[in-house]
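Engineer: Once you've had a glance at the structure underneath, I'll fire off some questions.
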Amino acid sequence: MDRRSTIKWMLAAAAVMPLARGAVPRSTQAQPYGTDPNLQITYHPGDLWPLTFSAAHRQLARILCDAIIPADATSPGAADVGVVDFIDEWISAPYPVQRADRALVLNGFAWLESQATRRFSKAYADLAPNQVRNICDDICYLPQARPEFRTAAAFFARYRDLTTGGFYTTPQGRADLRYVGNTPLPRFDGPPPDVLRQVGLI
Amino acid sequence: MPFVDAQAVVNEEYDAIVVGSGAGGGQMAYTLSMNGARVLMLEAGRKYEPSEAAMFQTPEQAPLRGSGTADKPFGFYDATVDGGWQVPGEPYIRVSEQHGARFDWWRARMLGGRTNHWARISLRNGPYDFKPRERDGLGFDWPISYEELAPYYDKVEMLIGVYGANDGLENTPNSPAGCLLPPPKPIVSDLLLQKHARNLGITPTACHRAVLTQALDWKRIPALLHPGNVTAQRIIARDMQRRVPCFWATPCGQGCAIRANYQSTTVHLPPALETGKLDIVTDAMVAEVELAKSGRAAGVRFIDRLSGKSLGAKARVVVLAASAFETVRILLNSTSSRFPQGLANSSGKLGKYLMDTVGSDLAGQIPALESLPPHNEEGASGGHMYVPWWGYQAQKGGKLAFPRGYHIEFTGGRRMPQFDTLAEMEWLTGGSYGPQLKEDARRYYGSMLYFAGRGEMIPNEHSFCEIDPRVKDKWGIPVLRFHWQWSEHETRQAAHMQQTFAEIIESMGGRLRQPPELDGTKAIAPGGSIIHEVGGALMGASPVASVLNKWCQAWDVSNLFVADGASFPSNADKNPTLTIMANAWRIADHVLERMRRKEL
């Protein structure tokens, strides 16, 4: 994490410290991992603090993750590489940024259920793909969302970031982006000729 | 017995106590012990070994995909342990929470301090930077010149290993031949920036960073570092061979088990321990310097954090290098009938003129860098290039509204995706999701460029610290209370950074993530967020106006020295670490000479 992200985090944390959202209960058992955690082991969602999602939440989360990052010829969908578990871990964490997201996500889920009922008289889990998209289209771009959808659009923007953040940090997500690295090299040669040619530097 | 128990040092008499184990303390302990002095180093945090580094771990193995939290502000795998802007049980007081008037204090409670995670940017101050007041009438001049520090810059560069180039740019000194290692090859975004920036009159050039791009020349360098000292030469020659050059993978900030980059724990402490002259006590939180009846420092009182006991240690010389403001805190807490306002504070200047670096940043997206063929761009992990300040003549000619300069650090490339790498892309994608989002991610990944300005803050009367009359930390030690204010010298500079970054991005055919923030009071990062704390116990030419003399020796106490950034009379745009080390070596040589003459 570079300093740009860290300063952003610091300011964001300061901004949400006095958390005023009331409707969503806090997880009381969650403990922070402390300032000197074991860096050598692999952590899984639920290892450090209890998770939050009910079965219904998980089902909804899965549909939404796959609407945002579906499987295609190149890579799997977000839900198939553990992004639902990751989002559950995230919103269950005992830190200010995550606590704010907890309220945003759980309230967002409730709103999606209400829209499924209102628009299609169905549970969200029973919506057809085009019905899922029908709701998403109203909330996928906050700057152009209609006033009554602005809160939901803020939720969707954050949920999309949680989904991309969860997906592109997996081996499958890195492969999708054709990331190359994290492997020792005997020397560093700089950009190869095809790269320089494409950018117009040779 | 290099690492010793707190109780074991109580009855010892050392030549020197060094408080702190980072850049200043590490260099001081290295130079003193390599020259035969018996040194006790006291570190407030725990022992840390570079082999602990989580170098190859990837985000999905960490909680929260490795994102920063209050516990690990720079990410889960950052090398810093027990550190951050808040340390549990060790509060400090901010007089204001307002942007522009708040100061956030970073501390790293671990062996090696913040050198374990720093960016490794190692720039020399230039000649102007030691005499800023002579040039523009503001701030303070250093009681030393560039020429006095230059031989120590040479030595530090050769010892720790710094890559860079000599470009002969104004106030950006060349190093003598044989000091620098070759810079790594630029990545494609560096080259594109270089091509376009020329039209704006700015010159991207090789950055200077403390990373081994090749093995150190262990046959040639030791004799230059320690002339006439065969033992020291033998120890450092051997240790240089144990350091492995960069293998072009893993982020420096996660630490370096192969010792390719500089941390106090990878470079200074191993050879210093090998002398057999250095004892280190970790978890030793120094509370105060104790004064003997003679008026000299007798030693220090510290809390053994493991037992909670308050213990004493004695030495001929006490050197504080606890990090600038922690050093100030120790001195302010060292009260006596002779120094009721804190030790070495007869000038009343202790705790005054706190400085950080001016920071502001802007991101852009460069269409020319979209959808590039996959290739490895990790290189030396940090910047391969940077832009030194280019406006000295414009400022001299009165053409700029702010008196001091800044340099530009920039980051691009197809780096390992992190939690936020593809976050908040709506400004490019119009809110895509589904198959289109995946296409957009492939297209935009690696095409972002992040610019960060790092500028000089001029010391002012309104940025200072004092002891809070009520609050104590969990060890019972009174804590600092911070007052902070930027002046227009800084806020105008921050606005200029924004304008410049926007021009660069646009010259590259790029798009701005957001318009430049031309209100400098909003563009400037909060005090303390760049973590270049210096000042508070300035060195100067007069005991009335400064705390320390030119040898960073307290005017009031002859055997008390300061070897961290607290002594800095100014905070040039150049990142302070290299100067802290060079200055610490200079002070150590002086202490050794005075010890030989039996004056200490």
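Engineer: Here are A:F53, A:F109: which of them is closer than 28 Å to A:A175 by Cβ and in contact (Cβ under 8 Å) with a residue 12 or more places away in the chain?
Structural biologist: Step by step, each of A:F53, A:F109 is checked, and only A:F53 is closer than 28 Å to A:A175 by Cβ and in contact (Cβ under 8 Å) with a residue 12 or more places away in the chain.
Engineer: Testing B:I505 on (1) in contact with a Leu (Cβ under 7 Å, 6 or more places away or on another chain); (2) in a loop (DSSP other than H, G, I, E, B), one condition comes back false. Which one is that?
Structural biologist: Looking at each condition in turn, B:I505 falls short on (2).
Engineer: Among the residues of segment A:133-154, is there at least one that is within 9 Å of chain B (Cβ to nearest Cβ), touching a residue at least 24 places away in the same chain (Cβ under 8 Å), within 22 Å of B:K438 (Cα to Cα) and hydrophobic (A, V, I, L, M, F, W, C)?
Structural biologist: Among the residues of segment A:133-154, at least one is within 9 Å of chain B (Cβ to nearest Cβ), touching a residue at least 24 places away in the same chain (Cβ under 8 Å), within 22 Å of B:K438 (Cα to Cα) and hydrophobic (A, V, I, L, M, F, W, C), which makes the answer yes.
Engineer: Name the residues in segment B:414-436 that are at the interface with chain A (Cβ under 7 Å from one of its Cβ atoms), without any contact (Cβ under 8 Å) to a residue 12 or more places away in the chain and in contact with a helix residue (DSSP H, G or I) (Cβ under 7 Å, 6 or more places away or on another chain), would you? If you could, list the steps in order and put the result at the bottom.
Structural biologist: Of segment B:414-436, the ones at the interface with chain A (Cβ under 7 Å from one of its Cβ atoms) are B:414, B:416-424, B:426, B:430-431, B:433-435.
So of that shortlist, the ones also without any contact (Cβ under 8 Å) to a residue 12 or more places away in the chain come out as B:423-424, B:426, B:430-431, B:433-435.
Result: B:A423, B:E424, B:E426, B:Y433, B:G434.
Engineer: In segment B:83-95, what residues are surrounded by fewer than 21 Cβ atoms within 10 Å (Cβ to Cβ) and not small (G, A, S)?
Structural biologist: Taking segment B:83-95 as the starting set, the residues that turn out to be surrounded by fewer than 21 Cβ atoms within 10 Å (Cβ to Cβ) are B:85-91, B:93-95.
Those that are surrounded by fewer than 21 Cβ atoms within 10 Å (Cβ to Cβ) and not small (G, A, S): B:W85, B:Q86, B:V87, B:P88, B:E90, B:P91, B:I93, B:R94, B:V95.
Engineer: Which residue pairs have Cβ atoms closer than 8 Å, lie 6 or more positions apart in sequence or on different chains, and pair a first residue in segment B:462-476 that is under 20 Å from B:S310 (Cβ atoms) and among the acidic types (D, E) with a second residue that is at pLDDT 95 or above and not in a strand (DSSP E or B)?
Structural biologist: If the second residue must be at pLDDT 95 or above and not in a strand (DSSP E or B), the pairs left are B:D473/B:G89; B:D473/B:P91.
Engineer: For segment B:42-64, give me each residue that is more than 7 Å from chain A (Cβ to nearest Cβ), buried (at least 19 other Cβ atoms within 10 Å of the Cβ) and not in a loop (DSSP other than H, G, I, E, B).
Structural biologist: Across segment B:42-64, the qualifying residues are B:L42, B:P50.
Engineer: When B:S189 is evaluated against the numbered criteria (1) assigned to a loop (DSSP other than H, G, I, E, B); (2) touching a Ser or Thr at 6+ places or on another chain (Cβ under 9 Å), which criterion, by number, is the only one it fails?
Structural biologist: So the condition that B:S189 fails would be (1).
Engineer: Does A:R102 meet the test of being closer than 22 Å to A:D176 by Cβ, touching a residue at least 24 places away in the same chain (Cβ under 8 Å) and in a helix (DSSP H, G or I)?
Structural biologist: Spelling it out, it is not the case that A:R102 is closer than 22 Å to A:D176 by Cβ, touching a residue at least 24 places away in the same chain (Cβ under 8 Å) and in a helix (DSSP H, G or I).
Engineer: While we're here: If B:I330 satisfies every condition in (1) in contact with a helix residue (DSSP H, G or I) (Cβ under 9 Å, 6 or more places away or on another chain); (2) within 23 Å of B:G25 (Cβ to Cβ) but one, which is the exception?
Structural biologist: Single failed check for B:I330: (1).
Engineer: I've got another one for you. Criterion first (away from every other protein chain (no Cβ under 14 Å) and either within 26 Å of B:H590 (Cβ to Cβ) or in a loop (DSSP other than H, G, I, E, B) (or both)) does B:L332 satisfy it?
Structural biologist: Working: away from every other protein chain (no Cβ under 14 Å): yes; either within 26 Å of B:H590 (Cβ to Cβ) or in a loop (DSSP other than H, G, I, E, B) (or both): yes.
Here the answer is yes, as B:L332 does meet what is asked.
Engineer: Now for a different question. Before we move on, is B:L192 surrounded by 18 or more Cβ atoms within 10 Å (Cβ to Cβ), under 18 Å from B:I121 (Cβ atoms) and either among the aromatic types (F, W, Y) or in contact (Cβ under 8 Å) with a residue 12 or more places away in the chain (or both)?
Structural biologist: Here the answer is no, as B:L192 does not meet what is asked.
Engineer: Among the residues of segment B:350-377, which ones are buried (at least 21 other Cβ atoms within 10 Å of the Cβ) and either on the phi > 0 side of the Ramachandran plot or assigned to a loop (DSSP other than H, G, I, E, B) (or both)?
Structural biologist: B:L350, B:G351, B:Y353, B:D356, B:T357, B:I366, B:L372, B:N376, B:E377
Rundown of residues vs (1) among the hydroxyl-bearing types (S, T, Y); (2) touching a Ser or Thr at 6+ places or on another chain (Cβ under 9 Å), yes/no style:
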site: B:T250; (1), (2): yes, yes
site: B:N261; (1), (2): no, yes
site: B:L291; (1), (2): no, yes
site: B:D304; (1), (2): no, yes
site: B:S310; (1), (2): yes, no
site: B:V318; (1), (2): no, no
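Engineer: Does B:S347 satisfy being under 26 Å from the mean Cα position of the chain (by Cα) and at pLDDT 95 or above?
Structural biologist: So B:S347 fails the test.
Engineer: Which condition breaks for B:A197 when tested against (1) under 30 Å from B:L369 (Cα atoms); (2) in contact with a Gly (Cβ under 8 Å, 6 or more places away or on another chain); (3) touching a residue at least 40 places away in the same chain (Cβ under 8 Å); (4) not β-branched (V, I, T)?
Structural biologist: It is condition (2) that B:A197 fails.
Engineer: Among the residues of segment B:378-390, is any surrounded by fewer than 24 Cβ atoms within 10 Å (Cβ to Cβ), at pLDDT 95 or above and over 24 Å from the mean Cα position of the chain (by Cα)?
Structural biologist: No, the conditions are met nowhere in segment B:378-390.
Engineer: Contact list please: Cβ distance under 7 Å, first residue in segment B:84-106 and more than 9 Å from every other protein chain (Cβ to nearest Cβ) and over 17 Å from B:V358 (Cα atoms), second residue of a type in the set (F, W, Y) and assigned to a strand (DSSP E or B), pairs at least six apart or on different chains.
Structural biologist: Pairs that qualify, where the first residue is more than 9 Å from every other protein chain (Cβ to nearest Cβ) and over 17 Å from B:V358 (Cα atoms) and the partner is of a type in the set (F, W, Y) and assigned to a strand (DSSP E or B), are B:Y92/B:F482; B:I93/B:F482; B:R94/B:F103; B:R94/B:F482; B:V95/B:F482.
Engineer: Looking at segment A:156-202, which of the residues that are aromatic (F, W, Y) and crowded, with 21+ Cβ neighbours inside 10 Å is nearest to the other protein chains (Cβ to nearest Cβ)?
Structural biologist: For segment A:156-202, the residue satisfying everything is A:Y168.
Engineer: Do you know which residues across segment A:66-84 are more than 9 Å from chain B (Cβ to nearest Cβ) and either among the aromatic types (F, W, Y) or in contact with a Ser or Thr (Cβ under 8 Å, 6 or more places away or on another chain) (or both)?
Structural biologist: If the condition is that a residue be more than 9 Å from chain B (Cβ to nearest Cβ) and either among the aromatic types (F, W, Y) or in contact with a Ser or Thr (Cβ under 8 Å, 6 or more places away or on another chain) (or both), then A:A78, A:V83 are the ones that fit.
Engineer: Among the residues of segment A:115-132, are any among the basic types (K, R), closer than 24 Å to A:P50 by Cβ and assigned to a helix (DSSP H, G or I)? Steps first, please.
Structural biologist: Taking segment A:115-132 as the starting set, the residues that turn out to be among the basic types (K, R) are A:118-119, A:122.
Filter once more, so that each one left must be closer than 24 Å to A:P50 by Cβ: none.
No, every residue in segment A:115-132 fails to be among the basic types (K, R), closer than 24 Å to A:P50 by Cβ and assigned to a helix (DSSP H, G or I).
Engineer: Name, by its number, the condition in (1) of a type in the set (G, A, S); (2) facing another protein chain (nearest Cβ under 8 Å); (3) under 21 Å from the mean Cα position of the chain (by Cα) that does not hold for B:S67.
Structural biologist: With (1) of a type in the set (G, A, S); (2) facing another protein chain (nearest Cβ under 8 Å); (3) under 21 Å from the mean Cα position of the chain (by Cα) applied to B:S67, the lone miss is (3).
Engineer: Report yes if B:S264 is surrounded by 21 or more Cβ atoms within 10 Å (Cβ to Cβ), closer than 17 Å to B:A29 by Cβ and either in contact (Cβ under 8 Å) with a residue 40 or more places away in the chain or of a type in the set (S, T, Y) (or both), otherwise no.
Structural biologist: The answer is yes for B:S264.
Engineer: Can you tell me how many residues within segment A:111-132 are among the aromatic types (F, W, Y) and either within 14 Å of chain B (Cβ to nearest Cβ) or over 20 Å from the mean Cα position of the chain (by Cα) (or both)?
Structural biologist: Result for segment A:111-132: 1.
Engineer: Considering each residue of segment A:32-65, count those that are part of a loop (DSSP other than H, G, I, E, B) and either at the interface with another protein chain (Cβ under 7 Å from one of its Cβ atoms) or over 20 Å from A:F156 (Cα atoms) (or both), and give that number.
Structural biologist: Residues that pass the stated criteria total 20.
The values are calculated or read from the model by the stated rules, or taken from the named source; none is laboratory data. Quick caveat, the model's predicted, so the values are computed rather than measured. Ideal geometry is used to build each Cβ from the backbone, glycine not excepted, and the neighbour counts take in all protein chains shown.
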